[in-house]
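These notes are about the structure you will find just below.
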Amino acid sequence: MRKFLEIPKRIHHAIIILSLLAGHKGKYAASLSRISQNLKMSYGYLEHIAAPLKKAGLIKSYRGSAGGYRLAKKPSDISVFDIISVLEGNMGLAACLGSGKCKAEAHCPSKKIHVKLQNELNGALQRIKISDFEKSLSLE
């Protein structure tokens, strides 16, 4: 089957990280090195995901021997749309909906449908929260 829409790996991995943090009930913050070990992903790669999430206020970082990360918001207050917006910016299904311009935009018979699809997709992504994801890995 050909792919029509594909979630970028970076978004997928951010969702996994946030889901793990949502399920982390430990006394101390969850270290990125522990997350890296559990996910079998490079620490540097995970740092590149965590930095914009921290800057956007989705996670908090703590320094020191008990340092690491915790969610900055309740899992029910973080949507997939938020994550995509932070890591990828605005994304559109068609050129006329994104940052580019379509040469046929002024006379396009399908623009209304593209707008409707984009609005439906955005709404669905806003309704899906980190609290909806299963927390299957332990950080302990």
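The values are calculated or read from the model by the stated rules, or taken from the named source; none is laboratory data. Computed from a predicted structure; not experimentally measured. Neighbour counts are summed over all protein chains in view; Cβ atoms, including those assigned to glycine, are modelled from backbone coordinates with ideal geometry. To get the accessible areas, we keep the full protein, side chains included, count just its heavy atoms, and leave off ligands, DNA and RNA. Shrake-Rupley method; radii C 1.70, N 1.55, O 1.52, S 1.80 Å.
Tabulated results
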{"item": "Among (1) over 24 Å from Ser131 (Cβ atoms); (2) touching a strand residue (DSSP E or B) at 6+ places or on another chain (Cβ under 6 Å) - the single one Ser61 does not satisfy", "result": "(1)"}
{"item": "Subset of segment 93-104 (residues that are of a type outside the set (Lys, Arg) and open to solvent by 40 Å² or more (accessible area, probe 1.4 Å))", "result": "Leu93, Ala95, Leu97, Ser99, Cys102, Ala104"}
{"item": "Qualifying residue in segment 106-129 (condition: more than 17 Å from His13 (Cβ to Cβ), touching a His at 6+ places or on another chain (Cβ under 9 Å) and either surrounded by 12 or more Cβ atoms within 10 Å (Cβ to Cβ) or at pLDDT 90 or above (or both))", "result": "yes"}
{"item": "For Val86: the one exception among (1) within 23 Å of His24 (Cβ to Cβ); (2) over 19 Å from the mean Cα position of the chain (by Cα); (3) among the aliphatic types (A, V, I, L, M)", "result": "(2)"}
{"item": "Entirely in segment 1-87, the helices (runs of 4 or more DSSP H) that have 2 or more residues that are of a type in the set (Phe, Trp, Tyr) and open to solvent by 30 Å² or more (accessible area, probe 1.4 Å)", "result": "43-55"}
{"item": "Close pairs (6 angstrom Cβ cut-off, 6 or more residues apart or separate chains): at positive phi in segment 110-125, modelled with pLDDT under 90 and part of a helix (DSSP H, G or I) anywhere", "result": "none"}
